[in-house]
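Student: Before I ask anything, let me first share the structure, which is written out below as structure tokens.
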Amino acid sequence: MGIALLVLAVIPLIVAAIFVPQMADEIPMKFNAAGEVTRWGARTELFIIPVLCVLLSAATYLTAFRTARMNEESKVVAAMSFKRVVRNGIVTAVFLDVVSIYFIISAYMGVGLPI
């Protein structure tokens, strides 16, 4: 599960590294309900969520190890604690992956995608 968390943390960073350099310097960043652009921004803003995902996943991974170490008297409790923290990190990473990829695709296409 720890490896899955680290892989999920890096996916949006890789997607951003592939698509962002191909975009114009100024890209649409916010859309209204009709799909029209309401705010323009720098393309480097698309790296905010992927970097946040990496930082949160790394912090979650370190917290999982620290939590497991606090329960050294019982290996079963330590393993359960580690899995619980990592599982929560995986859910967070999946959410941030979806949001990041949505923003990248919307900026790349230049229109807000209906959700």
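Student: Just one of 51, 86, 77, 98 is more than 22 Å from residue 109 (Cβ to Cβ), under 20 Å from the mean Cα position of the chain (by Cα) and without any contact (Cβ under 8 Å) to a residue 60 or more places away in the chain; which is it?
Tutor: 51
Student: Quick one: residue 27 ticks every box in (1) touching a helix residue (DSSP H, G or I) at 6+ places or on another chain (Cβ under 6 Å); (2) closer than 21 Å to residue 1 by Cβ bar one, so which box is it?
Tutor: (2)
Student: Kindly provide the set of residues from the stretch 18-36 that are open to solvent by 90 Å² or more (accessible area, probe 1.4 Å) and either closer than 15 Å to residue 111 by Cβ or in a loop (DSSP other than H, G, I, E, B) (or both), ordered by number.
Tutor: Residues satisfying the conditions are 25, 30, 33, 36.
Student: Answer with yes or no whether residue 108 is touching a strand residue (DSSP E or B) at 6+ places or on another chain (Cβ under 9 Å), open to solvent by 40 Å² or more (accessible area, probe 1.4 Å) and not charged (D, E, K, R).
Tutor: Yes: the conditions hold for residue 108.
Student: Which of the residues belonging to the stretch 69-83 are open to solvent by 90 Å² or more (accessible area, probe 1.4 Å), closer than 29 Å to residue 96 by Cα and aliphatic (A, V, I, L, M)?
Tutor: Passing the criteria: 70, 80.
Student: Being open to solvent by 70 Å² or more (accessible area, probe 1.4 Å), part of a strand (DSSP E or B), at negative phi and not aliphatic (A, V, I, L, M) is true for just one of 39, 66. Which residue is that?
Tutor: 39
Student: Right, next: Considering (1) in contact with an Asp or Glu (Cβ under 6 Å, 6 or more places away or on another chain); (2) in contact (Cβ under 8 Å) with a residue 24 or more places away in the chain; (3) not charged (D, E, K, R), say which one residue 40 fails and leave the rest.
Tutor: (2)
The values are calculated or read from the model by the stated rules, or taken from the named source; none is laboratory data. Computed from a predicted model, the values in this text were never measured in an experiment. Because the Cβ atoms are built from the backbone with ideal geometry, glycine has one as well, and the counts that use them run over all protein chains shown. Ligands, DNA and RNA are excluded from the accessible area calculation, which covers all protein heavy atoms including side chains. Shrake-Rupley method; radii C 1.70, N 1.55, O 1.52, S 1.80 Å.
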